[in-house]
Amino acid sequence: MSSIKIECVLRENCRCGESPVWEEASNSLLFVDIPAKKVCRWDSLSKRVQQVTVDAPVSSVALRQGGGYVATVGTKFCALNWEDQSAVALATVDKDKKNNRFNDGKVDPAGRYFAGTMAEETAPAVLERHQGSLYSLFPDHHVEKYFDQVDISNGLDWSLDHKIFYYIDSLSYSVDAFDYDLQTGKISNRRSIYKLEKEEQIPDGMCIDAEGKLWVACYNGGRVIRLDPETGKRLQTLKLPVVKTTSCCFGGKDYSEMYVTCARDGMDPEDLLQQPEAGGIFKITGLGVKGIPPYPYAG
């Protein structure tokens, strides 16, 4: 086992950093700062950060097959043009719920953009319950709704054979699995594959590695855990020097590096003194496992 190294590569002071996505073409890490309404792109070579500011909380970003990006902004699926810094709505959800917004989102292996909603928080993880739903934006821009009664729609990914969809509704403290039909995008047979332990706190963003194991960022737990979805066992715990870890993805050359986002909203001045890198972007090397490239939205 090579020695694991955890370092803060970008002290961005994100209020709530989320949705890290590696863009191989530009050697860059994309991520969002939800309440700051910013989509950021960190060039790993020049170490520079570029930003696009949008007009509502932006909760996820993804690559787009034809170039540019897609993002979930407020309750809209949007096309994001980096050059002219515009976000154009492709579809809107939850029109009857004025207090809702999207949360985490990710593109499936067939190019559909999955994302779920939640009620706007009054404080971190404090909100009106059961207001959210899970949706998918298809390449032809029509939207399908899968289920409602969601608290905080969060981490999502697909098994390597594309037959299982993994999903987190944070306040259930569970990582769930569904049978997945890649042709139609249909999901069925929901079950829990891992229940978080007390010290692991709240499950947040998630990604899969090239061995089919899941990595889950634990909000308020200051860690990322590696799970075997087949046995339901925790295989590894990576502890970070910040408590509000929010999401993770693989990137870098050959996807052998892990990037972790975190938040600083809800921390008091004393916490921030003890965790000066809160809201930064962390890079973890030496894991001995690689990730897989993100799928681009096909629409």
Selected from 274, 81, 69, residue furthest toward positive end of dipole (segment 5-285; charges at beta carbon): 274
Cβ charges +1 (Lys, Arg) and -1 (Asp, Glu), total dipole of segment 5-285, debye: 100
Neighbourhood charge, 13 Å Cβ-Cβ cut-off, centred on residue 143 and excluding it, Lys, Arg +1 and Asp, Glu -1: +1
Summed side-chain charge close to residue 274 - residues other than residue 274 whose Cβ falls under 13 Å, Lys, Arg +1, Asp, Glu -1: -2
Residues residue 285 and residue 149, FRET efficiency given R0 of 45 Å [Cβ-Cβ distance, rounded to 0.05]: 0.65
Cubic angstrom per residue, convex hull over Cα atoms of the chain: 122
Chain lengthening between residue 141 and residue 192 when straightened (0.36 nm per residue, less Cα-Cα): 15.3 nm
Where the chain is the region considered: accessible area per residue in Å², 1.4 Å probe: 41
Net charge of Cβ neighbours under 11 Å - reference residue 192; Lys, Arg +1; Asp, Glu -1: +1
Segment 83-105 versus segment 6-30: alpha-carbon centroid distance in Å: 22
Rounded percent of accessible protein surface that carbon and sulfur make up, the chain, 1.4 Å probe: 47
Sites residue 43 and residue 128 - FRET efficiency at Förster radius 41 Å, r taken between beta-carbons, to 0.05: 0.55
Relative contact order (%) - criterion: Cα under 8 Å, at least six apart; region: the chain: 19
The chain - mean residue ellipticity at 222 nm from DSSP helices (-39,500 (n - 2.57) per run, n ≥ 4, rounded to 500): -500 deg cm²/dmol
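The values are calculated or read from the model by the stated rules, or taken from the named source; none is laboratory data. Computed from a predicted structure; not experimentally measured. Heads up, the Cβs are rebuilt from the backbone with ideal geometry, glycines too, and the neighbour counts pull from every protein chain shown. Just so you know, the surface numbers come from the protein's heavy atoms only, side chains and all, with ligands and any DNA or RNA stripped out. Shrake-Rupley method; radii C 1.70, N 1.55, O 1.52, S 1.80 Å.
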